Each structure stands twice: as C-alpha cells, then as structure tokens.
C-alpha cells in the first residue's frame, strides 16, 4: 500500500517540486495551497496531486485539511511543512501586522499541521515529518527579523519533537535551503541577484528539485535512524558545524 504524504504550500516553487518528487517515488500526495487556484489546478492536472485549500495559520483549517486528505487518500504518513511567506522590513520600520503574519504562517503553522497528525502517527508507530526552514533561520538576514525568527524556531521545534517521538517510529528533521531558482527569487533585480550568486561558493542558485531530493531522502522508510537533524542545502553559502 502506498504511503500518503501531505505537503503544505505544495503547488508552487519548492513545494511543487517536493510534491512531484514524492509522487514519482510512489506516494499518494496531497498538496495544500492558500489561494492560487491556477497553480493548484495545474498541479492537480499535471502531477496527479490531490489539492486542498486552506490557511495554515488557522488551526481549524489545518484540522479540516487533514480530515479531508485522510478521507480521500488514507492516513497521513509523511508531513512536509513547507508553506511560508515573507513580509520584509528592518525592525525599526516593521509593523505589528508584518511580524504577526510571518510568525503565524511560517511558525505557528507547523504546530497547527503537526498537532493534527501526530496522534495518528504515534498510534501507528510510524511517521516522517520534514520541516522546510531556511539559510536565514541559521544565519539571520537584514530586513528579516520576522522570517529569520520563524525559520529558526522551526529548527528548535524539530529537535524537541524528534526527541518526544523517537521511540514511536517517527522522525522529525529540518531542511534549510539557500537561495533557490524559484519564481520569487527570479523576480529579484539582476544586479541584486548577481551579488547573491557571487556569495554562493558553487556559483549558482539551487534548483527546487535539489531540495525535493533531500525531502524524499528524509521521508523514506529506510531513513529511520535520522531524526532531529538539520540538513543544509545552500551551495556552501553558510556552513554550520
């Protein structure tokens, strides 16, 4: 029987690549999205995904999404917390709304989603949870105190949850991508993008599928001895020891 994977923010960018990679590996894949119907319909049609609309910052929406997926595909074995936004500003100009929105969507969402699957995983003695953080959650970034705080929080969340559930056959790991060649990054002015690439030792942006391959590795059944880990995939731009 195929394992079931739920990827939040799974119809665009890195999330779509993750959904496609897991689908190709034989998983039944549900992809969450917030509101882009065109991207969601394309992902459903082109990749054969089951798409679910909802707001990950809402606990009720997450509970409904999980119930919907399990009714359609079966129990969720793999959860990839990928959904995220940016609302950049230096702190002395950041609004309360900019702070709260990023914290709710990027950090509170992983509680909202994970809380709704963790009991089932514990009952079945199996689960794979992969949280998509960021290089800027490791090193920080000017203009991103909100984003960096949320992404750093994901790493701490993963380490604690990994210890709580290690004996239940559930692994919890974090991936910290660097700058990836997505629609969002490609929209950066060329002069700025050139400076970013100049700071990446491998000399290029990462590809979304390179992150997806990391997820597929950690989500596999034979990755049960890897938990509480933080996997950096940033072309050598930031090396943590």
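Since every read-out is calculated from the coordinates, none of them should be taken as a lab result. Being a predicted model, the structure only gives us computed values, none of them experimental. Cβ atoms come from the backbone with ideal geometry, glycine included; neighbour counts cover every protein chain shown.
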Exactly one of (1) assigned to a loop (DSSP other than H, G, I, E, B); (2) under 18 Å from the mean Cα position of the chain (by Cα) is unmet by residue 238. Its number? (2)
If we keep only residues of region 164-188 that are under 17 Å from residue 77 (Cβ atoms) and assigned to a strand (DSSP E or B), then the residue nearest to the chain's Cα centre (by Cα) is 173
Just the residues that are surrounded by fewer than 22 Cβ atoms within 10 Å (Cβ to Cβ) and not in a loop (DSSP other than H, G, I, E, B), please, taken from region 1-20. 4, 13
Number of positions in region 28-54 that are touching a helix residue (DSSP H, G or I) at 6+ places or on another chain (Cβ under 8 Å), more than 20 Å from residue 185 (Cβ to Cβ), touching a residue at least 24 places away in the same chain (Cβ under 8 Å) and not in a strand (DSSP E or B): 3
When residues of region 208-226 are limited to those that are in contact with a strand residue (DSSP E or B) (Cβ under 7 Å, 6 or more places away or on another chain) and outside any helix (DSSP H, G or I), the one surrounded by the most Cβ atoms within 10 Å (Cβ to Cβ): 226
Output for region 55-64, where each listed residue is surrounded by fewer than 18 Cβ atoms within 10 Å (Cβ to Cβ) and part of a helix (DSSP H, G or I): 59, 60, 63, 64
What helices (runs of 4 or more DSSP H) lie completely within region 65-143 and have 3 or more residues being touching a residue at least 60 places away in the same chain (Cβ under 8 Å) and either farther than 25 Å from residue 233 by Cα or in contact with a strand residue (DSSP E or B) (Cβ under 9 Å, 6 or more places away or on another chain) (or both)? 109-124
